[in-house]
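A short write-up of the structure that comes next.
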Amino acid sequence: MNKNLLVAQSGGPTAAINATLAGIIEEALKSSSVDKVYGAKYGIQGVLQENFIELSSIKDINDILETLSVTPAAALGSCRYKLQDPSKDPSEFQSIIDIFRKNEIGYFVYIGGNDSMDTVWKLSEYIKENNIDDIVVIGAPKTIDNDLYGIDHCPGFGSAAKYIATSISELERELEVYDTPYVIVVEMMGRNAGWLTAAAALAEGNNSNVPYLIYLEEHPFDLNNFISDVRGELSICNNLIVAISEGIKDKSGKMICDYADRDQTKDAFGHTIATGAGRVLENAIRSNIGCKVRYIELNLLQRCAGHLLSETDIKESLELGRNAVRLAVSGENGVMSTLTRLPGEKYEVSYGAADISQIADREKKVPVEWINEEGNGVKEEMLRYLTPLVQGELTCKFENGIPKYIVL
């Protein structure tokens, strides 16, 4: 007897998460082991509320998958909902199992980042501990932060990196208009990892001689050293790009954004929302140096830029979705669909599985040896890692001159 497959999305949206969804739908529709394909609206919350749509019954579903794969954000909706510890309160987990059985769901694929993989881990452990043999849970990765263990790089990161490098290149055009000292400080997302900020290095030297200072969370930040760095660069060039991670910290561990009064709101998983470090640096430059300075926070714009996609990112995201279905129907439980970069000069990857217990509640940082000794730039190893991930250009569909997205 065939089983139904349920897929859901969680966490922050990306430009590639729907490509993974499209890959899952495509592979599930082809599989002789899958009957119906359902989507849960708004992540695990939608599962608990039994808020499902039957994706396999959507008219011309195969025809819309190509457009879905270049539609940014999360077509099924998302959530940031933390399941309770099953050892303390198993009621939510048993409710999920009951709902799966009611709807004859034997395969559940959850697309998401660190917190979503925590959900996959808890649910898959509950299945193992209770000897449930008719349901498997698979994780499908996504996060622009690129901080998941068990995978060389995360779906969504390549497109976000391409957007960042492009935006920085365009900001260089702004800088070069003026013949007076001018600094632009650009703040990138990343919470506790500096991968996104490092992507700014891809733009340096491509179109101008504008110097870059790049500060990642993995290296302690010193405000006095920063001002000295800026003075030094301005002494040889009128223009300067400063790229910073939102979560940069001083040697005591205090976030630079906390040098100013700000909202300390936390999300459902207890993460403090980090923002505003660039404003602190803007004010420091203005006070200590007095030149023209602007602060730009890319914020949400770097997550869902469907008009500028990495072809490599979208193709890999699709395949990771297909691979997740293959893992599910083969009976795997508690693993994440993953890719591994193969050795050699030519960029190639292989697809497989990683144990979710080795991924949940961990963060992959930028290797400190990829950061220069001064802590204000990255080394060649970082550029070699990043460059293949931004290759090729895809774009969303346009209608009447503006983007046209798929709505499920």
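A short reminder: the numbers here are calculations on the coordinates, not readings from a lab. All values reported here derive from a predicted model rather than from experimental measurement. Counting neighbours? That spans all protein chains shown, and the Cβs are built from the backbone with ideal geometry, glycine included.
Taking only C-alpha pairs under 8 Å that are 6+ residues apart, what is the relative contact order of the chain in percent?
Once divided by the residue count of the chain, the mean separation gives 23 percent.
Between the alpha-carbon centers of the stretch 154-215 and the stretch 56-134, tell me the distance in whole angstrom.
If we compute the Cα centre of each part, the gap is 36 Å.
Taking volume of the Cα convex hull per residue in Å³ straight from the coordinates, which label in (i) 130; (ii) 149; (iii) 203 is the correct one?
Correct label, based on the coordinates given: (ii).
Take each uninterrupted DSSP H stretch in the chain, measure its Cα extent along the helix axis, and return the ones at 18 Å or beyond whose mean Kyte-Doolittle hydropathy is at least 0.0.
TM-like helix candidates: 17-30, 157-175.
So if each residue of separation counts as 0.36 nm, and I subtract the Cα-Cα distance between D250 and T166, what length gain in nm does that give?
Here the answer is 27.3 nm.
Restricting to bridges with both residues inside the stretch 1-151, how much of the DSSP beta-bridge set is antiparallel, in percent to the nearest 5?
Given both bridge residues lie in the stretch 1-151, the antiparallel proportion sits at roughly 20 percent.
Set Lys and Arg Cβ to +1 and Asp and Glu Cβ to -1, take the dipole of the chain about its Cα centre, and tell me which of P13, G106, I164 lies farthest positive.
G106
What pairs in K36/K82; K315/K404; K251/K365; K30/K122; K59/K102 have C-alpha atoms more than 22 Å from each other?
Violating the 22 Å limit, Cα to Cα: K36/K82; K30/K122; K59/K102.
Would you mind checking the stretch 376-408 for residues with the amide N under 16 Å from a putative spin-label position 7 Å along Cα→C-beta of K59?
407-408
Pull up the cross-link candidates among the aspartates and glutamates for K128, meaning alpha carbon to alpha carbon under 17 Å and not fewer than 8 places away within one chain.
Once the sequence-local aspartates and glutamates are set aside, what remains near K128 is D85, D89, E92, D98, D118, E332, D355.
To the nearest 20 Debye, how big is the dipole of the stretch 303-408 about its Cα centre, given +1 on the beta carbon of each Lys and Arg and -1 on that of each Asp and Glu?
Rounded to the nearest 20 debye, it is 400 debye.
Considering only S57, P72, V47, whose Cα is most displaced toward the positive end of the charge dipole of the stretch 1-117, charges sitting on Cβ of Lys, Arg (+1) and Asp, Glu (-1)?
It is V47.
Between D133 and R173, what length comes free when the chain is fully extended (0.36 nm per residue of separation minus the Cα-Cα distance, one decimal in nm)?
This chain segment gains 8.5 nm when fully extended.
Pull up the DSSP beta bridges for the chain and report the antiparallel fraction as a percent, rounded to 5.
That works out to approximately 35 percent antiparallel.
With each run of n ≥ 4 DSSP H residues scored as -39500 (n - 2.57), what mean residue ellipticity at 222 nm is computed for the chain after dividing by its residue count and rounding to the nearest 500 deg cm²/dmol?
For the chain, the value works out to -10000 deg cm²/dmol.
What is the calculated FRET efficiency for K30 to E311, with r their C-beta to C-beta distance and R₀ = 22 Å, to the nearest 0.05?
0.45
I'd like the distance between the alpha-carbon centres of the stretch 15-45 and the stretch 352-408, rounded to an integer number of Å.
One Cα centre to the other: 23 Å.
For labels at D85 and E363 in the simple 7 Å Cα→Cβ model, what's the distance in nm?
In this crude label model, D85 to E363 measures out at 2.2 nm.
Give a quick list of trypsin sites (Lys or Arg not before Pro) in the stretch 73-120 that DSSP marks as loop, anything other than H, G, I, E or B, with at most 13 other Cβ atoms within 10 Å.
Those satisfying the criteria are K88.
When DSSP assigns beta bridges and you keep just the ones with both residues in the stretch 160-302, what percent turn out antiparallel, to the nearest 5?
Counting DSSP beta bridges with both partners in the stretch 160-302, the antiparallel share is about 10 percent.
Could you give the size of the charge dipole of the chain about its Cα centre, using +1 on the Cβ of each K and R and -1 on the Cβ of each D and E, expressed in debye and rounded to the nearest 20?
It comes to approximately 540 debye.
What does the charge add up to near E217, with Lys and Arg as +1, Asp and Glu as -1, over the other residues with Cβ less than 9 Å from its Cβ?
+1
In nanometres, what is the gap between the two model label sites at T387 and S95, each 7 Å from Cα along Cα-to-Cβ?
Here the modelled spin labels are 5.2 nm apart.
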